[in-house]
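Student: After the structure tokens below, expect a handful of questions from me.
The values are calculated or read from the model by the stated rules, or taken from the named source; none is laboratory data. If you're wondering where the values come from, they're calculated on a predicted model, not measured in any experiment. Glycine also receives a Cβ, built like all others from the backbone with ideal geometry; neighbour counts cover every protein chain displayed. SASA here: full protein model, heavy atoms, side chains in, ligands and nucleic acids out. Shrake-Rupley method; radii C 1.70, N 1.55, O 1.52, S 1.80 Å.
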Amino acid sequence: MTKPVILTGLRANSDLTIGNYFGGIKPMIDMATTRADEYDINMFIPDLHSFTTPIDHGTLQSQILNNARIYAAAGLPLNNEGIRLYRQSYVSAHSELTWILDCFTGMGEMNRMTQFKDKSTGLGDARTTVGLFNYPVLMAADILLYNAQYVPVGDDQTQHLEFTRDIAERINSKFGDVFVIPESAPKQHEFFGKGQGLRIKDLQDPTKKMSKSDESGKGVVFLGDAPEAAHKKIMSAATDDKAFIDLDRTNQPGISNLLEILALLRGASLDDVVAEFKGQAKYGDFKKVVADEMAAFLTAFQQRLVAVDDQQIYAKLASSEKTVSEVANATLLRAQQAVGLRSKD
Ligand code: TRP
């Protein structure tokens, strides 16, 4: 009777951009909503992961809540029982299984993780924590506890997924069947399709990804931007001097980016949007269409966000945490029995 499990971690972040929204949050929510009949959908907030690098701990609680509110405003149906929304630290099995897995993980294995290398180089020795080093093991526990088969992974997470498969296979071959092995990265991409991970580009430099770390913020639209401010950002987006609208990412990256943004805002196909504007010479008129649409989107989104009922969110979190704890604790017990911490009968 158990359904296959799709699992995804929703990182707690402030200042989400429309790139995060259309490239990450929205596709995930659409996927969850359309597949909730056939699959159990686990969407969790990896709060234990949030301070592997230094953060302001005074705001962590509000960030966690705010993230859940954004998902609700983006359309996550809180009343759908097939979708579980939970906080990692509220299910203590994550921490407990991590320790067991730690003791079967090689130092060399973790040392090879490119994300660790990248992040620790940025931080330097004094600020690089054992938590950052160890975090792929926690991520493996996040996945294995729920017998999850499907985990949407971006390129930066592929190595961690491969590690999850390795450690699960290692334990299974030593102790017998303890864990369900998640599908490999290529299978994940097949399952989730190519739509995931689409990248909106910076409005000022459309050759690079729109990123919240951009210093000036001029090329980036944040979900919290005032609609008029976002309108201005679109109107001053960098384009080209061809005076001919076309989807040509190499020679007209700015115009192409705006075409893509418009398609996303309208929920229309890119082909339709291109067909509507192709050949037009007045970039200003086209930009105004995009800017108006953007302002309307932000106005509506922000209205939904303030209307989110926090009590409903807390109720959803609590009921999901109860449901998923049962699954997680059953897996933890299998692992504890395997390594001899609990008796088998
Ligand atoms: N590491 C993921 C990220 O940086 C978040 C995450 C934590 C996650 N645990 C996970 C994603 C388990 C999928 C499965 O975005």
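Student: Can you pull out every residue in segment 118-162 that is of a type in the set (D, E, K, R), surrounded by fewer than 20 Cβ atoms within 10 Å (Cβ to Cβ) and within 11 Å of the ligand (Cβ to nearest atom)?
Tutor: LYS119, ASP156
Student: Next question. If you check THR33 against the conditions, is it in contact (Cβ under 8 Å) with a residue 40 or more places away in the chain, more than 15 Å from the ligand (Cβ to nearest atom), open to solvent by 20 Å² or more (accessible area, probe 1.4 Å) and closer than 26 Å to GLY193 by Cα?
Tutor: Considered against the rule, which asks whether it is in contact (Cβ under 8 Å) with a residue 40 or more places away in the chain, more than 15 Å from the ligand (Cβ to nearest atom), open to solvent by 20 Å² or more (accessible area, probe 1.4 Å) and closer than 26 Å to GLY193 by Cα, THR33 comes out as yes.
Student: Ok, one more. Write out, first by first residue and then by second, each pair whose Cβ atoms fall under 7 Å of each other, whose residues are 6+ apart or on separate chains, and whose first residue, in segment 101-117, is closer than 12 Å to PHE133 by Cα and open to solvent by 30 Å² or more (accessible area, probe 1.4 Å) while the second is not hydroxyl-bearing (Ser, Thr, Tyr) and not in a helix (DSSP H, G or I).
Tutor: No pair meets every condition.
Student: Kindly indicate which of ARG84, ARG165 is of a type outside the set (A, V, I, L, M, F, W, C), more than 13 Å from the ligand (Cβ to nearest atom) and buried (at least 17 other Cβ atoms within 10 Å of the Cβ).
Tutor: The match here is ARG84.
Student: Suppose the filter is open to solvent by less than 50 Å² (accessible area, probe 1.4 Å) and farther than 16 Å from THR8 by Cβ; does LEU60 pass it?
Tutor: Spelling it out, LEU60 is indeed open to solvent by less than 50 Å² (accessible area, probe 1.4 Å) and farther than 16 Å from THR8 by Cβ.
Student: If we keep just the residues of segment 17-30 that are within 16 Å of LEU85 (Cβ to Cβ) and in contact with a strand residue (DSSP E or B) (Cβ under 9 Å, 6 or more places away or on another chain), which is least open to solvent (accessible area, probe 1.4 Å)?
Tutor: The residue in question is ILE29.
Student: For segment 57-67, check the following and say yes or no: at least one residue is more than 14 Å from the ligand (Cβ to nearest atom) and closer than 27 Å to GLY267 by Cβ.
Tutor: The answer is yes; a qualifying residue exists.
Student: Being aromatic (Phe, Trp, Tyr), buried (at least 17 other Cβ atoms within 10 Å of the Cβ) and within 14 Å of the ligand (Cβ to nearest atom): is that true of PHE44 here?
Tutor: Here the answer is yes, as PHE44 does meet what is asked.
Student: Taking the stated definitions as given, is SER92 away from the ligand (no atom under 12 Å from the Cβ) and either modelled with pLDDT of 95 or more or of a type in the set (Phe, Trp, Tyr) (or both)?
Tutor: Taking the combined requirement at face value, the residue satisfies it.
Student: Could I ask something else about it? When you go through (1) open to solvent by 60 Å² or more (accessible area, probe 1.4 Å); (2) of a type in the set (Gly, Ala, Ser); (3) in contact with a strand residue (DSSP E or B) (Cβ under 6 Å, 6 or more places away or on another chain) one by one for SER343, which number turns out not to apply?
Tutor: (3)
Yes/no matrix, rows are residues, columns are (1) small (Gly, Ala, Ser); (2) buried (at least 16 other Cβ atoms within 10 Å of the Cβ):
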position	(1), (2)
GLU169	no, no
SER184	yes, no
GLN188	no, yes
PHE192	no, yes
HIS231	no, yes
ILE234	no, yes
ALA243	yes, no
SER256	yes, yes
